[in-house]
Amino acid sequence: MNKDIMNKIIAFRDARNWKQFHTGENLAKALNIEAAELLELYQWKHEIDNIDDLKDELADVLIYCFLIADCYHLDVDEIILNKIKKNEIKYPVSKAYGNNKKYTDL
């Protein structure tokens, strides 16, 4: 993960003294609210109308993900790479290629 980006997120939070509110629970709630706002862009349609709105909502989701990782002192790169390894086992190319079934149904 880009450390400069994470430092900017933390600096923004700390300049406002918001860390005191950033418990795992509160951050997870905020993440879900922002994810719902992202999903709302697609409500009643198959595609979004405004790419700038998508960028803003996606950024909000990502910021809260990074803040949750920071809250628990997790290395974002490490947890993503570990999850990819797990998914490679669950979804081998030979079974999953071009298939949208859940790994239990492959």
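Quick look at the numbers
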{"quantity": "Unique match (being within 27 Å of Leu81 (Cβ to Cβ) and outside any helix (DSSP H, G or I)) among Met1, Met6", "calculated": "Met1"}
{"quantity": "Residues satisfying the stated conditions in the range 1-35, i.e. of a type in the set (Asp, Glu) and under 15 Å from Ile68 (Cβ atoms)", "calculated": "Glu25, Glu34"}
{"quantity": "Members of the range 69-106 found to be without any contact (Cβ under 8 Å) to a residue 12 or more places away in the chain and of a type in the set (Val, Ile, Thr), listed by number", "calculated": "Ile79, Ile80, Ile84, Ile89, Val93, Thr104"}
{"quantity": "Answer residue from the range 45-61, given it is among the hydrophobic types (A, V, I, L, M, F, W, C) and under 12 Å from the mean Cα position of the chain (by Cα) and is least open to solvent (accessible area, probe 1.4 Å) among those", "calculated": "Val61"}
{"quantity": "Unique match (being surrounded by 15 or more Cβ atoms within 10 Å (Cβ to Cβ), at pLDDT 95 or above and aromatic (Phe, Trp, Tyr)) among Tyr72, Tyr64, Tyr42", "calculated": "Tyr64"}
{"quantity": "Candidates Asn26, Asn32, Asn7, Asn17, filtered to the one that is open to solvent by less than 80 Å² (accessible area, probe 1.4 Å) and at pLDDT 95 or above", "calculated": "Asn26"}
{"quantity": "Output for the range 76-98, where each listed residue is open to solvent by less than 70 Å² (accessible area, probe 1.4 Å) and either touching a Ser or Thr at 6+ places or on another chain (Cβ under 6 Å) or within 22 Å of Lys29 (Cα to Cα) (or both)", "calculated": "Val76"}
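The values are calculated or read from the model by the stated rules, or taken from the named source; none is laboratory data. Please read all numbers here as calculations on a predicted model, not as lab measurements. All Cβ positions, even for glycine, are placed from backbone atoms using ideal geometry, and neighbour counts span all protein chains on display. Calculation scope for accessible area: heavy atoms of the full protein, side chains included, ligands and nucleic acids excluded. Shrake-Rupley method; radii C 1.70, N 1.55, O 1.52, S 1.80 Å.
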